[in-house]
Amino acid sequence: MSANLYGLGCRPAPPELTPALNRVLRRFNSVRLRNPSGFPACGRSTSFSRRSAATKSGTWSSWSATPIAALGDQYWHPPEYCGIRETPLQCELRLIRPGFVFILAGTNDIDWDSSLGLSPGARAAERLRPVISQARSRGVVPVLSTIPPIHPADPERAGLFEEGVRRTNSRIFRLATERKVPLINLWRGLTGPGMINQGLSADGLHLGVAGAGEIMPSLDPDPSIFTLSTDFSAEALRHGANRRNLIFLKSLAVLDRASR
């Protein structure tokens, strides 16, 4: 999930949070986890700030459910503390034993599908099925999310990505219904009224962060991203990363309440 929620574990609670959301934030931040590859800018490792073994920049949606031995090039391998016969997701679930796993994947698959001569987004459900199965086999609740819009720099590719996002999200909706998986409609949250560039930064791919300028959220974010992406003021929530973080936190609160 890249650096989605790190800021919620690396800085004081945003003042805009309701008492109920503050309680959820405190509860999940009270969990201390080992984090061998943690960020220097974040002194503690919690449910929000641990650097997951099941995320990797630039990967396709089935990467986390692929056995490490089958990943080939070392670049695609998760941290060395994972077993070669495990998948990255199995490794992460074994290490931290979470209650929920939020799954936001599919954006990178659009270009990949196109290069393979496939309709972009056509295999979204097929690639996400093993992710759901591996989570459930360990007693973890998988939570799917639709993917954000994409505005490619090359206008000639705009149609391909628009079609890919639409098809990917349609497949994710169907999969969530079929497998009875909770679903967050992030796309809808980012395309609502008042959003700046549908929540996207200047590159049209990464989500924008309030006050970050040209700094992009990534697996190695600038320390300021931790603070800026958890600003939940009305103006900040017009930016994609800020709105996503609040949507995910609210979703976690609903799931946590339902599981008790």
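The values are calculated or read from the model by the stated rules, or taken from the named source; none is laboratory data. Bear in mind that the values here come from a model prediction, so they are computed numbers and not experimental data. FYI the Cβ positions are ideal-geometry reconstructions off the backbone, even for glycines, and counts take in every protein chain you see.
Looking at this structure, is L89 surrounded by 19 or more Cβ atoms within 10 Å (Cβ to Cβ), out of contact with any strand residue (DSSP E or B) (no Cβ under 7 Å at 6 or more places or on another chain), among the aliphatic types (A, V, I, L, M) and over 25 Å from T227 (Cβ atoms)? So L89 passes the test. Scanning region 225-240 for residues that are touching a residue at least 60 places away in the same chain (Cβ under 8 Å) and surrounded by 20 or more Cβ atoms within 10 Å (Cβ to Cβ) gives I225, F226, L228, S229, T230, D231, G240. Report whether or not N169 is at pLDDT 95 or above, touching a Phe, Trp or Tyr at 6+ places or on another chain (Cβ under 6 Å) and assigned to a helix (DSSP H, G or I). In short, yes.
In region 21-52, the residue that is surrounded by the most Cβ atoms within 10 Å (Cβ to Cβ) out of those that are in contact with a Lys or Arg (Cβ under 9 Å, 6 or more places away or on another chain) and not in a loop (DSSP other than H, G, I, E, B) is V24.
Restricting to region 182-199, name every residue that is of a type in the set (S, T, N, Q) and part of a helix (DSSP H, G or I). Correct list: N197, Q198.
Quick test for you: out of G83, G58, pick the one residue that is on the phi > 0 side of the Ramachandran plot, surrounded by fewer than 20 Cβ atoms within 10 Å (Cβ to Cβ) and either touching a helix residue (DSSP H, G or I) at 6+ places or on another chain (Cβ under 8 Å) or not in a loop (DSSP other than H, G, I, E, B) (or both). G58 is the lone residue from the list that is on the phi > 0 side of the Ramachandran plot, surrounded by fewer than 20 Cβ atoms within 10 Å (Cβ to Cβ) and either touching a helix residue (DSSP H, G or I) at 6+ places or on another chain (Cβ under 8 Å) or not in a loop (DSSP other than H, G, I, E, B) (or both). Residues that are outside any helix (DSSP H, G or I), surrounded by fewer than 22 Cβ atoms within 10 Å (Cβ to Cβ), out of contact with any Asp or Glu (no Cβ under 8 Å at 6 or more places or on another chain) and touching a residue at least 12 places away in the same chain (Cβ under 8 Å) within region 118-145 comprise R138, V140, V141, P142, V143, listed in sequence order. Collect the residues in region 100-145 that are over 20 Å from R167 (Cα atoms) and either of a type outside the set (G, A, S) or in contact with a Lys or Arg (Cβ under 7 Å, 6 or more places away or on another chain) (or both), keeping them in residue-number order. Within region 100-145, F100, V101, F102, Q134, R136, R138, V140, V141, P142 qualify.
For L237, the test of being part of a helix (DSSP H, G or I), modelled with pLDDT of 95 or more, closer than 18 Å to R11 by Cβ and more than 17 Å from the chain's Cα centre (by Cα) is passed.
Counting the residues of region 166-212 that are surrounded by 19 or more Cβ atoms within 10 Å (Cβ to Cβ), of a type in the set (G, A, S) and farther than 19 Å from L252 by Cα gives 5. For the criterion of being closer than 26 Å to L246 by Cα, part of a loop (DSSP other than H, G, I, E, B) and touching a residue at least 24 places away in the same chain (Cβ under 8 Å), I150 passes.
Condition (residue is closer than 21 Å to E92 by Cβ and touching a helix residue (DSSP H, G or I) at 6+ places or on another chain (Cβ under 7 Å)) applied to region 119-127: is it met by at least one residue? Yes, because at least one residue in region 119-127 is closer than 21 Å to E92 by Cβ and touching a helix residue (DSSP H, G or I) at 6+ places or on another chain (Cβ under 7 Å).
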